Amino acid sequence: MTTTNTPAPRPAQKSSTEAAPAPAKASAPAPVAAAPVAAAPVAAAAPVPTPAPVPVPAPEAGAAGGLAILHRQTHGHLRLDRQNLRFDFVRGAVSTSIGTAELAAACTEFPCVMARSGPARWSLLAITGLEAGKNLFVGPQGEWLASHLPSTLATWPFRLVAQGAEPGRFLVAVHTPALSTDKGEPLFDASGNESAWLQEQLRLLSAVDASMNETSRQIELLEKAGLLQERTFQAVLADGRDVELNGFWAVDELKLGQLDAATVHELHTSGALVLATLHLLSLRRLRALVSRASAPPATTA
């Protein structure tokens, strides 16, 4: 199947990298094609734990493995139990890529920061942990504990992988361990056509890709306006452990207030001003994240 992809930043203290499986080759007939979309990588990163700073990782689509290009004949008999999805695959991720379209919802639950994800490429990250390998929003049963589910996780177990060197074209891959022969809803109907819900997932993959591209463009405008500065966050947990998050970028609120009218207008019309405002609002969630990290771990019922 064909479509598109995008990246993310990383925390410092002792933690780093997000969990999204890496593509695997599949031997079968031609892959199911999805409409091509504006290029943009979908990915997220996470930090690593120790009594030192945890860098906010640059977005990478790598992770659990088990990805295979989606084929009608190869996967036509398989099903996905969408009502009981587990998020263990991001249990060790301290950040997750998000797009500007979901920032209004994400900023009320996660600190959201910027990170470089490649040459002339930026990503927006929702910080989900302060110590390497500890995602504070994945429960003991693999359940997602926040009200907002980032779009890059909502499309799981499907991912976009580049289709050769052709820009803007991607194949749809699926994390096969998440599929079943007898539980859940079928991916394809009896005629080999994508089911209605699978078609919606493909549409969402393309929308996420486009959103990641737009997010990078808006952050680049903030950079050109001289508003971004590299930051470090330090805190002490309830048990006395020091944590540090670094390698991320934030808007300089003082410089934002000193912009000339023409630049403010440009940022407003491009959407970048809203991004900057919601990002600054989200930083208030850092204290809540520290409290969450200090709380006793949840136990399995």
Check: What length, rounded to one decimal in nm, is gained on full extension from residue 146 through to residue 268, with 0.36 nm per residue of separation minus their alpha-carbon distance?
Finding: 40.9 nm
Next item on the list: Kindly identify the stretch 140-255 as rounded, prolate or oblate by the Cα gyration tensor criterion: order the square roots of the eigenvalues as a ≥ b ≥ c, call it rounded if a/c is under 1.5, otherwise compare a/b with b/c, prolate if a/b is larger, else oblate.
Entry: oblate
Item checked: Inter-probe distance in nm under a simple model that places probes 7 Å from Cα toward Cβ, at residue 295 and residue 104 -> 2.7
Notebook entry, point to check: In nm, to one decimal, how far is the modelled label at residue 284 from the one at residue 259, with both set 7 Å along Cα→Cβ?
Noted result: 2.0
Notebook entry, point to check: For residue 245, which sequence-distant residues (separation of 5 or more, or a different chain) have an amide H within less than 5 Å of its own amide H, given hydrogens modelled in the peptide plane?
Noted result: 12, 54, 233, 234
Item checked: Relative contact order (%) - criterion: Cα under 8 Å, at least six apart; region: the stretch 185-301 -> 22
Check: Near the amide H of residue 173, under 5 Å away, which other amide H atoms are found, from residues 5 or more places off or on another chain, if H is placed in the peptide plane?
Finding: 70, 159, 160, 161
Checklist line | Stretchable slack from residue 200 to residue 120, in nm (0.36 nm times residue separation minus alpha-carbon distance) | finding: 25.7 nm
Check: Ranked highest first by average number of other Cβ atoms within 10 Å, how do 99-109, 128-138 line up?
Finding: 128-138, 99-109
Notebook entry, point to check: Once the other residues with Cβ under 13 Å from the Cβ of residue 198 are scored (Lys, Arg +1; Asp, Glu -1), what is the net sum?
Noted result: 0
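Just so you know, all these numbers are worked out from the coordinates, no wet-lab data involved. Fair warning: this is a prediction, and the values are worked out from it, not measured in the lab. Don't worry about glycine lacking a Cβ; one is built from the backbone with ideal geometry, like all the others, and counts go over all protein chains shown.
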